[in-house]
Amino acid sequence: MQHDLSARTEHVLEAGLRLRAKTAKHRQSLSQNQEYLVTRYGPELAATASQ
């Protein structure tokens, strides 16, 4: 799964973890937009990242 937060979210939901729909959706968008790369490799772009 590595950095695929979408796959990780699906995995924990199947295992029984209950997340708010908004939280699950946000985790999926983080993965799709690869926002984790901004914090590590381009901190100057942090203003463009979601909260």
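Just a few scattered comments:
- Subset of the range 27-36 (residues that are open to solvent by 60 Å² or more (accessible area, probe 1.4 Å) and either assigned to a helix (DSSP H, G or I) or at pLDDT 85 or above (or both)): 27, 28, 32, 33, 36
- Cβ separations smaller than 6 Å between residues 6+ apart or across chains give the following pairs from the range 14-34 residues that are under 19 Å from residue 3 (Cβ atoms) to residues that are assigned to a helix (DSSP H, G or I): 24/9; 27/5; 27/9; 28/6; 30/5; 31/5; 31/6.
- Looking only at residues in the range 1-26 that are acidic (Asp, Glu) and outside any loop (DSSP other than H, G, I, E, B), the one that is farthest from the chain's Cα centre (by Cα) is 14.
The values are calculated or read from the model by the stated rules, or taken from the named source; none is laboratory data. Everything numeric here is computed off the predicted structure, so don't read it as measured data. Note: ideal-geometry Cβ built from the backbone for every residue, glycine included; neighbour counts use all protein chains shown. Only protein heavy atoms, including side chains, enter the accessible area calculation; ligands, DNA and RNA are left aside. Shrake-Rupley method; radii C 1.70, N 1.55, O 1.52, S 1.80 Å.
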